[in-house]
Amino acid sequence: MILRTSRRTVTFARPFSLRGIDGIQPAGTYTVVTDEELLEGLSFPAYRRVATTIFLPSRPGDLVSGQLVTLDPVELEAAEQRDARNG
């Protein structure tokens, strides 16, 4: 299995929430990582998304230094659109 990983940053101007993530996240810039695997046996290269994760930095008083959370990329896109509309 051949994997490729892409990384991008997402900036939210306002606090946001995503299904599967507890609480409201503060406005700011976040790193999103997408892993895809090569579909073998085709005559052209094609990839299938395996996982999309977002890094949530720690907040003051947290005991952990941050967390990597798996999320639905469609949900993330919807949150980005809501943030852009409310600007």
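Structural remarks
- Highlighted here are the strands (runs of 3 or more DSSP E) found entirely within the chain that include at least 1 residues which are of a type in the set (D, E, K, R): 3-12, 28-38, 47-57.
- Segment 69-87, residues that are among the aliphatic types (A, V, I, L, M) and over 9 Å from the mean Cα position of the chain (by Cα): VAL74, ALA78, ALA79, ALA84
- Selection from segment 1-50 of residues that are within 15 Å of LEU68 (Cα to Cα) and surrounded by 14 or more Cβ atoms within 10 Å (Cβ to Cβ): VAL10, LEU18, ILE21, GLN25, TYR30, THR31, VAL32, VAL33, THR34, ASP35
- Selection within segment 51-65: residues that are hydrophobic (A, V, I, L, M, F, W, C) and under 15 Å from THR9 (Cα atoms). The member of this set that is surrounded by the fewest Cβ atoms within 10 Å (Cβ to Cβ) is PHE55.
- Qualifying residue in segment 66-79 (condition: in contact with a Lys or Arg (Cβ under 9 Å, 6 or more places away or on another chain), surrounded by 13 or more Cβ atoms within 10 Å (Cβ to Cβ) and touching a residue at least 40 places away in the same chain (Cβ under 8 Å)): yes
- Look at segment 51-62: where a residue is among the hydrophobic types (A, V, I, L, M, F, W, C) and a partner is in a loop (DSSP other than H, G, I, E, B), sitting 6+ places away or on another chain with Cβ atoms under 7 Å, you get ILE54/LEU71.
- Meets criteria (without any contact (Cβ under 8 Å) to a residue 24 or more places away in the chain and among the aromatic types (Phe, Trp, Tyr)) for PHE44: yes
FYI, it's all coordinate maths here, none of it is from the lab. This one's a predicted model, so the numbers in the text were calculated from it and none came from an experiment. Note: ideal-geometry Cβ built from the backbone for every residue, glycine included; neighbour counts use all protein chains shown.
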